[in-house]
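Data block below; observations after.
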Amino acid sequence: MALTQQLARVSPRYLEQCRQTAADSPNNDPNWNPLAEDTLDLDWAIWGLIKFFRWARIDAVHTKTLERSITGDPGSDVGFLDHAGVYDGFDAPPALLPPEVVTEVAHALDAIDLSMALARLPQDNAEAARACGFEDFDGNLPAYLDQHFDTMRAFYHAASHRRLAVVTWVD
């Protein structure tokens with residue numbers, strides 16, 4: 001099974017409910033089950049964008065925005081989600097961006113001119129794939145990156161509008 005980047009939009013109330021469920025459960029199971037329409041599988045796209053932004057020396061602020069959007073903030077209070085029922089334990093445990101930070105990230109994502117950045121991709125498909133860390137990518141790389149970035153940006157805007165938190169993890 002391939003590992004992919006996951007996001008979930010959840011209310012602070014739902015997080016508190018999961019925290020309490022984990023505390024009351026003999027095996028610390030938070031009964032994590034966000035609504036399907038509030039989850040997003042980003043595949044490997046944003047990881048590739050981050051690698052490409054570094055390779056092409058795209059504005060470091062934009063690179064940090066992308067990183068934050070998929071890694072959450074350090075020290076987030078979601079340790080109760082460090083459970084096999086939530087993720088497979090391969091990477092760091094789930095992390096949180098609270099609603100006010102979700103709004104910051106949504107606005108910061110708007111500042112990224114992805115079409116301008118993608119114009120700097122090498123013309124050779126294999127070289128472009130390597131710049132993104134995708135050794136065997138088969139497909140339209142700019143379209144793949146653009147689609148996932150736009151989907152993530154819309155996801156964050158919806159979370160911000162609804163005043164939801166975003167939980168990030170790899171599964």
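The values are calculated or read from the model by the stated rules, or taken from the named source; none is laboratory data. Given the structure is predicted, the values throughout are model-derived calculations rather than measurements. Methodologically, a virtual Cβ is constructed for each residue, glycine included, from the backbone with ideal geometry; neighbour enumeration extends over all protein chains shown. Ligands, DNA and RNA are stripped out before the accessible areas are found, and what is left, the full protein with its side chains, is counted by its heavy atoms. Shrake-Rupley method; radii C 1.70, N 1.55, O 1.52, S 1.80 Å.
Data for the structure
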{"read-out": "Sequence-separation-based contact order of the stretch 67-171, relative, with Cα cut under 8 Å and 6+ spacing, percent", "value": "45 percent"}
{"read-out": "Heavy-atom accessible area order for TRP44, TRP55, TRP169, largest first, 1.4 Å probe", "value": "TRP55, TRP44, TRP169"}
{"read-out": "Area projected by the alpha carbon convex hull of the stretch 28-153, averaged over all directions, nm²", "value": "8.6 nm²"}
{"read-out": "Accessible area per residue in Å² at 1.4 Å probe, computed on the chain", "value": "53 Å²"}
{"read-out": "The stretch 52-124 - percent relative contact order, Cα under 8 Å, separation 6 or more", "value": "35 percent"}
{"read-out": "Residues ASP24 and ASP77, FRET efficiency given R0 of 25 Å [Cβ-Cβ distance, rounded to 0.05]", "value": "0.90"}
{"read-out": "Whole-percent carbon and sulfur share, accessible surface of the chain, 1.4 Å", "value": "50 percent"}
{"read-out": "Mean separation of Cα contacts under 8 Å, 6 or more apart, over the residue count of the stretch 1-150: relative contact order %", "value": "26 percent"}
{"read-out": "On Cα atoms only, tilt of 45-55 relative to the major axis of the chain in degrees", "value": "50 degrees"}
{"read-out": "10 Å Cβ shell holding at most 16 others, DSSP loop, trypsin sites (Lys or Arg not before Pro): longest site-free stretch of the chain", "value": "58-119"}
